[in-house]
Amino acid sequence: MVWKIFLFLLLAFVSIAGISFPIVENPQTWYQFPLIPGLEENAKIIFFHVPTAWLTVIGFLVSTIFSIKYLRKKNLDDDAKSYVAAQLGLIFCILATVTGAVWAKFAWGSYWSWDPRQTSIFALMLIYGAWFALRSSIESEDKRATLSAVYSILAFVTVPFFVFIMPRIMDGLHPGSADDKFTPSGGPVVNFKMNSSMLLIFFLSLIAFTILFYWMWNVGYRSLLIKEKLNKKIIRG
Amino acid sequence: MKPYALFKKDYHSELRTRYAVNSLAMFIIVALSVILFSIGNEKVPQNLTGGLLWVVIFFSAMSGLSRAFVAEEDRGTTLLLHLIAKPSTIFNGKLLFNLILVFLMNIVITLLYSALFEEFIIRNILLFLLTFFLSNIGLAIASTIIAAIISKAGAKGTLYPVLSFPILLPLILISVMLTSYSMLGTSFDQALVEIMVLVCYNVIMLTASYMLFDFIWKD
Amino acid sequence: MNNYYLAAEQITKKFGRRLIFKDLNFKFQKNGIYGITGINGSGKSTLIKIIGGIISPSSGKVIHQFNKENINSENLHDNLGFVAPYLIMYEEFSAWENLEHISKIRGINFNTELFNSLMEDFLLLDRKNDLVKTYSSGMKQRLKFIFALMHSPKILLLDEPTSNLDDAGKESVYKIIKREGQDKIVVIASNENSDLDLCDIKLKLQDFKL
């Protein structure tokens, strides 16, 4: 209970700080953010876009980890946990794509331009979609769990290609792409200068969203397990 | 060699029934015709032709490569295979069949395509051949493992492209890039990074497939 | 000549969350014909598939040993002969082609004399070059026996061995089962009394179910 209150306070602080702290040329106090030419007020989206992309990957990672656990122990509870993580991952994936497109519009001029990282978040959405399609086409619970675990692992090994390799070698608009003059072939994704208060809010946001993910996942899989127990009772009659 | 014997069985079966080859050949012709008719009298911009080739290759692969496992499942002979060979032999045999099918299919497609689209001109032939060789291997490996997965699910026909596309996407992107390079005449050294990525992809896919096939195959 | 040891230890099988049987144990150490029987749905086919390594148990294990050496699951298929109604041969090939391909895939030479002699035992010799597509269901069933015996297995698992067979077919099958039971372990899963009459020991599946 206590940590839920803590989470609420943290998220509230992050949201308010992220949105309302002013952006000025020369930050004097702790609650002022520096001005980044070209972005100005819009820089604040970083507090929300990056965490959603981060959670997409976390969702996928957790889903795959529990898939591997299922393959070892054949415990269907692991499959339920994997499923819930994937559902959350998909939601955050859609959010990341949308917030990314919004940011793209005011930073680069159009909502979508097939920049490698945009392509990779789109590919992640396709993977999630394919995974759910596969699951819905299998009746038997064991087969469903096994096959979706296998596909999840297979998809997981292609993710490094999208996230690390392709953006470095293809021309693109994100910082760190092949044609970026400042950090060619190898910079971090996030490349603008954040002062210490921005960094603080940014990391707090990441932490807050991660805890939020954990909470949603926890509630999700527990309710799924209860639902399955109830179904079993009803079938038994 | 046992996987080779499995390939020969599939080949013999194919000769006798001609299921796969006929429908695949027709599909290639239909796909190319649809594109030609849709373009009409317009000229295809040269830089588009490289990508379009891989579109045709992808959809033809989706049409023909699932047969290796789906046919066994549909006719109920999977149990028989279970009883005569271990999982790695089965995978090797089916992979061999799909490899040969992919190479034959893509040679036909590429030849037809270059005949039909005059704008498709390759300057660095060696680079293209290398790309062709490596990409076909990757295509065969990924398609075979996904075919194994969907053979055990329902809705096999539609599910196959849906599952394959995300897994094949890195391969397709790199192949399109390399095809553009070979059309521009880029030298081999400049394309080295992309070739390495392609080799990595093949190695990773092959390793993952071997490790995962046992789980798919055994109930 | 008795060298095969088959044992089941604490076998439990669930499909999804549905329990089929729990903590099954048995040991077969002598040659002979063993029967598995039980009401429909009690898990006879499931159990025989688990013994044959076709399905995995949810927990527990099956031990196969020949001459005191363990046969691991990767090589089990070469030592075991399996017949079942749901086993299907390649219908586009003839009996000869089927068994020839199968032998090559197993990595052994196609033993023509053995093939002909088995075809004769099961009254199929005159149809050996006809496509399996043209066989009746009884002929297909008999062909499966030939498939199960061609590689000289050390253990035979027969699920409903006489399904689809007429009296003459049943006679030929019983003759072979009795012959094989002399020098190997034969396990039959069936509800037919005539099948079970051949068995020295019978396992009744309801006894194990909770």
Of the conditions (1) touching a Leu at 6+ places or on another chain (Cβ under 7 Å); (2) crowded, with 18+ Cβ neighbours inside 10 Å, the single one that B:R123 does not satisfy is (2)
Considering the stretch C:50-68, residues that are surrounded by 22 or more Cβ atoms within 10 Å (Cβ to Cβ) and more than 12 Å from every other protein chain (Cβ to nearest Cβ), and then whichever is nearest to the chain's Cα centre (by Cα), we arrive at C:I51
Of (1) surrounded by fewer than 24 Cβ atoms within 10 Å (Cβ to Cβ); (2) touching a residue at least 12 places away in the same chain (Cβ under 8 Å); (3) out of contact with any Leu (no Cβ under 8 Å at 6 or more places or on another chain), B:I204 fails just (2)
What about B:F188, is it in contact (Cβ under 8 Å) with a residue 12 or more places away in the chain, in a loop (DSSP other than H, G, I, E, B), out of contact with any Pro (no Cβ under 6 Å at 6 or more places or on another chain) and not β-branched (V, I, T)?
yes
Within the stretch A:135-157, residues being within 23 Å of the chain's Cα centre (by Cα) and of a type in the set (K, R) number 1
Among C:I146, C:I102, C:I155, the single one that is in contact (Cβ under 8 Å) with a residue 40 or more places away in the chain, farther than 20 Å from C:G53 by Cβ, within 14 Å of chain B (Cβ to nearest Cβ) and buried (at least 18 other Cβ atoms within 10 Å of the Cβ) is C:I146
Just one listed residue, out of C:Y90, C:Y5, is surrounded by fewer than 21 Cβ atoms within 10 Å (Cβ to Cβ) and aromatic (F, W, Y), and it is C:Y5
Reported set for the stretch C:72-85 where residues are in contact with a helix residue (DSSP H, G or I) (Cβ under 6 Å, 6 or more places away or on another chain) and either more than 9 Å from every other protein chain (Cβ to nearest Cβ) or free of Cβ contacts under 8 Å to residues at least 40 places away in the same chain (or both) is C:H77, C:V83
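Rundown of residues vs (1) crowded, with 20+ Cβ neighbours inside 10 Å; (2) closer than 19 Å to C:E160 by Cβ; (3) within 14 Å of chain A (Cβ to nearest Cβ), yes/no style:
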| position | (1), (2), (3) |
| --- | --- |
| C:R18 | no, no, yes |
| C:Q29 | no, no, no |
| C:I33 | yes, yes, no |
| C:T37 | yes, yes, no |
| C:S45 | no, yes, no |
| C:I48 | yes, yes, no |
Considering the stretch C:105-131, residues that are surrounded by fewer than 20 Cβ atoms within 10 Å (Cβ to Cβ) and within 18 Å of the chain's Cα centre (by Cα), and then whichever is nearest to C:A189 (Cα to Cα), we arrive at C:D121
Result of the Cβ filter at 7 Å on the stretch B:111-122, keeping first residues that are at negative phi and partners that are surrounded by fewer than 14 Cβ atoms within 10 Å (Cβ to Cβ) and of a type in the set (K, R), at least 6 apart or interchain, is B:E119/B:K43
Going through the stretch B:147-183 in order, the residues found to be crowded, with 20+ Cβ neighbours inside 10 Å, closer than 25 Å to B:G93 by Cα and touching a residue at least 24 places away in the same chain (Cβ under 8 Å) are B:A147, B:A148, B:I149, B:I150, B:S151, B:K152, B:Y160, B:S164, B:I167, B:L168, B:L171
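Conditions tested, residue by residue: (1) out of contact with any Leu (no Cβ under 9 Å at 6 or more places or on another chain); (2) within 17 Å of A:F162 (Cα to Cα); (3) within 14 Å of chain B (Cβ to nearest Cβ); (4) basic (K, R).
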| site | (1), (2), (3), (4) |
| --- | --- |
| A:W54 | no, yes, no, no |
| A:I68 | yes, no, yes, no |
| A:K73 | yes, no, yes, yes |
| A:A85 | no, no, no, no |
| A:V102 | yes, no, no, no |
| A:S113 | no, yes, no, no |
| A:P116 | no, yes, yes, no |
| A:Y128 | no, yes, yes, no |
| A:S137 | no, no, yes, no |
Of B:L99, B:L95, B:L65, B:L116, the only residue that is farther than 29 Å from B:D189 by Cα and modelled with pLDDT of 95 or more is B:L95
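Matching residues to (1) surrounded by fewer than 20 Cβ atoms within 10 Å (Cβ to Cβ); (2) basic (K, R); (3) modelled with pLDDT of 85 or more; (4) more than 30 Å from B:S151 (Cβ to Cβ):
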position	(1), (2), (3), (4)
A:V102	yes, no, yes, yes
A:G109	yes, no, no, yes
A:I121	no, no, yes, yes
A:L124	no, no, yes, no
A:A130	no, no, yes, no
A:S136	yes, no, yes, no
A:S148	no, no, yes, no
A:R168	yes, yes, no, yes
**Report entry** Check on B:N92, within 30 Å of B:E73 (Cβ to Cβ) and within 13 Å of the chain's Cα centre (by Cα)
**Finding:** no
Counting only residues in the stretch B:207-219 that are more than 14 Å from chain C (Cβ to nearest Cβ) and surrounded by fewer than 16 Cβ atoms within 10 Å (Cβ to Cβ), the one nearest to B:L127 (Cα to Cα) is identified as B:T207
Every listed condition ((1) more than 14 Å from A:T158 (Cβ to Cβ); (2) of a type in the set (A, V, I, L, M); (3) within 8 Å of chain A (Cβ to nearest Cβ); (4) surrounded by 19 or more Cβ atoms within 10 Å (Cβ to Cβ)) holds for B:V193 save (4)
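Table: residues versus (1) modelled with pLDDT of 85 or more; (2) buried (at least 19 other Cβ atoms within 10 Å of the Cβ); (3) within 17 Å of the chain's Cα centre (by Cα); (4) of a type in the set (G, A, S).
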residue	(1), (2), (3), (4)
A:L10	no, no, no, no
A:V14	no, yes, no, no
A:G18	no, yes, no, yes
A:Q32	no, no, no, no
A:I46	no, yes, yes, no
A:L61	yes, no, yes, no
A:S67	yes, yes, no, yes
Within the stretch C:132-143, residues surrounded by fewer than 19 Cβ atoms within 10 Å (Cβ to Cβ) and either away from every other protein chain (no Cβ under 13 Å) or over 15 Å from C:E91 (Cβ atoms) (or both) come out as C:T134, C:S136, C:S137, C:G138
For the stretch A:1-20, pairs from a residue that is farther than 15 Å from A:F213 by Cα to a residue that is at pLDDT below 80, with Cβ under 7 Å and 6 or more apart or across chains, are A:G18/A:K44; A:I19/A:K44
Selection from the stretch B:165-185 of residues under 16 Å from B:T49 (Cβ atoms) and either part of a helix (DSSP H, G or I) or within 9 Å of another protein chain (Cβ to nearest Cβ) (or both) yields B:I172, B:S175, B:V176, B:M177, B:L178, B:T179, B:S180, B:Y181, B:S182, B:M183, B:L184
Within the stretch A:214-237, of all residues that are surrounded by 12 or more Cβ atoms within 10 Å (Cβ to Cβ) and among the basic types (K, R), the one modelled with the lowest pLDDT is A:K232
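Only residues that are outside any helix (DSSP H, G or I) and in contact with a Phe, Trp or Tyr (Cβ under 6 Å, 6 or more places away or on another chain): list them for the stretch B:191-219, please. Walk me through how you get there before you give the answer.
From the stretch B:191-219, those outside any helix (DSSP H, G or I) are B:191, B:218-219; that's our starting set.
Residue satisfying the conditions is B:A191 alone.
The values are calculated or read from the model by the stated rules, or taken from the named source; none is laboratory data. Just so we're clear, the structure is a prediction, and the values are computed from it rather than from any experiment. Note that we place each Cβ from the backbone using ideal geometry, even for glycine, and neighbour counts take in every protein chain shown.
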